[in-house]
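Here the structure comes first, spelled out in structure tokens, and everything after it is commentary.
The values are calculated or read from the model by the stated rules, or taken from the named source; none is laboratory data. Quantities reported herein were computed from a predicted structural model and do not represent experimental measurements. Reconstructed Cβ throughout: ideal geometry from the backbone, glycine too, with neighbour counts over all protein chains shown. Surface areas here come from the heavy atoms of the whole protein model, side chains and all, with no ligands, DNA or RNA. Shrake-Rupley method; radii C 1.70, N 1.55, O 1.52, S 1.80 Å.
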Amino acid sequence: QEQLVESGGGLVQAGGSLRLSCAASGIIFDIMSMGWYRQAPGKQRELVAGITSGGVTNYADSVKGRFTISRDNAENTVYLQMESLKPEDTAVYYCNAHRTSRGGIRYLEVWGQGTPVTVSS
């Protein structure tokens, strides 16, 4: 069964750092695109960072220069290193895995259960 399990969330003061991890099982990890999304209370879920199977990364403008996504295919794990955290980074962070067809359609999509991050001012 496909499963993504996030860890590493918690409470941190503004300016601090956290490292989120997402351990995958039941999927062929090294062919999947991986991503981190977040959803703050009352807001829609948004993409934070993504990394393709080839290691190409992309980031939301709001986190560029502060967050770094990486993957370890040997450990079937994707990471999100978060630096210089701000109160507006407070959200539940979700891990995502998917494949994308040549036509741009996602398939084999899997979501984790989320890990909360709270940044105090």
Find how much the distance from LEU47 to ARG102 grows on full extension, using 0.36 nm per residue of separation minus their present alpha carbon separation; answer in nm with one decimal.
17.7 nm
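Which loop trypsin sites (Lys or Arg not before Pro) in region 75-118, with loop taken from DSSP, have no more than 11 other Cβ atoms within 10 angstrom of their Cβ? Walk me through the numbers on the way to the answer.
On the way: sites: ARG99, ARG102, ARG106; in loops: ARG102.
The qualifying sites are ARG102.
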Taking Cα pairs under 8 Å and at least six residues apart, what relative contact order does the chain come out at, in percent?
34 percent
Please work out how much length the chain gains when fully extended from ASP72 to VAL56, using 0.36 nm per residue of separation minus the C-alpha to C-alpha distance, in nm with one decimal.
4.4 nm
Suppose each label sits 7 Å from its Cα in the direction of the beta carbon; what would the ASP30-GLU109 distance come out to in nanometres?
2.7 nm
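Considering only protein heavy atoms and a 1.4 Å probe, what is the carbon-and-sulfur percentage of the accessible area of region 46-91?
Numbers: 1020 of 2230 Å².
Here carbon and sulfur together make up 46 percent of the probe-accessible area.
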J(HN,Hα) series, region 62-70, from Karplus relation 6.51 cos²θ - 1.76 cosθ + 1.60, nearest Hz, glycine and proline x
5, 10, 4, x, 10, 10, 9, 9, 8
Roll a 1.4 Å probe over the protein heavy atoms and report the accessible area of LYS43 in Å², nearest 10.
140 Å²
Separation of the LYS64 and SER7 label points, Cα + 7 Å toward Cβ, nm:
3.3 nm
Charge-dipole axis of region 16-121 as Lys and Arg at +1 and Asp and Glu at -1 on Cβ define it, positive-most pick from ALA74, PRO41, LEU20
PRO41
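If you count, for each residue, the other Cβ atoms within 10 Å and average over each peptide, how do 73-81, 3-11 line up from highest to lowest? Spell out each step's value before the answer.
On the way: 73-81: 18.0, 3-11: 16.3.
Result, highest mean Cβ count within 10 Å first: 73-81, 3-11.
Treating the beta-carbon of each Lys and Arg as +1 and of each Asp and Glu as -1, no other charges, what is the dipole magnitude of region 28-121 about its Cα centre, to the nearest 20 debye?
Details: 10 positive and 9 negative charges, 56 e Å.
For this selection, approximately 260 debye.
Grab the Cα-Cα distance for THR118 and ARG19, subtract it from 0.36 nm times how many residues apart they are, and report the gain in nm with one decimal.
Length gained between THR118 and ARG19: 34.3 nm.
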